[in-house]
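None of the figures in this text is laboratory data; all of them are computed from the coordinates on show. As the structure is a computational prediction, the values presented were derived from the model and not from experiment. Here the Cβ positions follow ideal geometry from the backbone for every residue, glycine too, while neighbour counts run over all protein chains shown.
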Amino acid sequence: MTDSHTSIQLTNGGQLRNFIALRGLPKPVLEQILDTAASFVDVGGREIKNVPLLRGKTVVNLFFEPSTRTRSTFELAAKRLSADVLNIDIARSATSKGESLMDMLRNLEAMASDMFVVRHADSGAPHYIARHATPNVAIINAGDGRHAHPTQAMLDMYTIRHYKGGFKGLTVAIVGDILHSRVARSQIYALRTLGAAEIRVVGPRTLIPNDIEAMGVKVFNRLQDGLRDADVVIALRLQKERMDAALLPSESEFYNHYGLNNERLTVAHPEAIVMHPGPINRGVEIASEVADGPHSVILHQVTFGIAVRMAVMSMCMGGRETERAARRQQEQEGQDVR
Ligand code: NCD
């Protein structure tokens, strides 16, 4: 899977062309995303909040699963890059009249779309679309099943780098429902590639995948052990929509053992930051005193998300422009030879 992921995501010259998953992407590409995002962060504070990088391009938001932050920040990111943006309302689209996903995508491609931002309940859907459906359209994964959520992980990396100055020597604790979390999986790949010292996953046995240690993380079943001296604490929501069985006794029992509150946070590093991808469930995985408290950077994650999504979108379009230019040159050389 790594190979097919890498080849579909990068041009021959190593530039980004699709953004599907972080597994297999080299460190310089992740660093380029963070550095490009840094150059976009202040666009949001300007009088005129856009730059012309995607002028004349059409970006289509295709969200087959609910979303607030991700969908709206992708839309804002595309608009700040001056793209035309189409939001397809899946519930009201012709897929509800029996049109297949592939037919719908080919029709959107026929409208000269340049980029699809895809969220789907099936793991692998964005990869499948990129490989088989619409090769001329850049595909950006906005979350697929339990598999990956690469732009979320990169905005989290941006936030960590912003507050901690880098990844060297950092201990990061990811707490809660790891089993169903595409965010956790993408964060782990990103943190490993960027060189975090220690990555911990913390939660009840039932919510931690059996084979997770093979990803290079340490497993903790007791919250206090997992939080000890952590520089970054990331809380995750219980993804009940993805749980097939009753894996948990109750939300209140989860809070009793794993809910983040001020008292429990005292064992972490005194300057630890607390993050959460949202949506937060107050009183389940995190207490309001922490979510709204001095360690929390949760709303900053959202703001940085726009710049990070601008970076990924502009880099994918840039990669495809380079590919097209190379193809044109090859065709030209072919003609000259004849
Ligand atoms: C996450 C997701 O959809 O995977 N949210 C997000 O994109 N900000 C996490 C979640 O739903 O709990």
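Structure summary
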{"item": "Under the Karplus curve 6.51 cos²θ - 1.76 cosθ + 1.60, θ = phi - 60°, whole-Hz ³J(HN,Hα) for region 23-36, x wherever Gly or Pro sits", "result": "4, x, 7, x, 3, x, 5, 5, 5, 5, 4, 5, 5, 5"}
{"item": "Region 267-318: Rg to Rh, with Rh as the Kirkwood radius over Cα pairs", "result": "1.13"}
{"item": "Among 200, 228, 328: highest mean-square fluctuation, GNM of the chain, C-alpha pairs under 10 Å", "result": "328"}
{"item": "Average Cα contact separation per residue, region 158-303, under 8 Å, 6 or more apart, as relative contact order %", "result": "24 percent"}
{"item": "Charge dipole (debye, nearest 20) of region 150-300; +1 at Cβ of Lys and Arg, -1 at Cβ of Asp and Glu", "result": "380 debye"}
{"item": "The chain: most fluctuating residue of 21, 148, 94 per GNM, C-alpha cutoff 10 Å", "result": "94"}
{"item": "Reachable aspartates and glutamates from residue 240, criterion Cα separation under 18 angstrom, eight or more residues apart if same chain", "result": "65, 122, 144, 177, 251, 253, 285"}
{"item": "Within straight-line cross-link reach of residue 49, lysines at Cα separation under 28 Å, skipping those fewer than 8 residues along the same chain", "result": "57, 79, 164"}
{"item": "GNM flexibility winner over the chain from 144, 292, 211 (Cα, springs under 10 Å)", "result": "211"}
{"item": "Shape box of the chain [Cα atoms, principal axes, largest first, Å]", "result": "74, 46, 44"}
{"item": "Relative packing of 127-139, 175-187, which averages over residues the other C-beta atoms within 10 Å, highest first", "result": "175-187, 127-139"}
{"item": "Given charges at Cβ of Lys, Arg, Asp, Glu: the chain dipole, positive-most of 254, 315, 93", "result": "315"}
{"item": "Computed over region 150-300, Cα set: Rg, Dmax in Å", "result": "13.9, 41"}
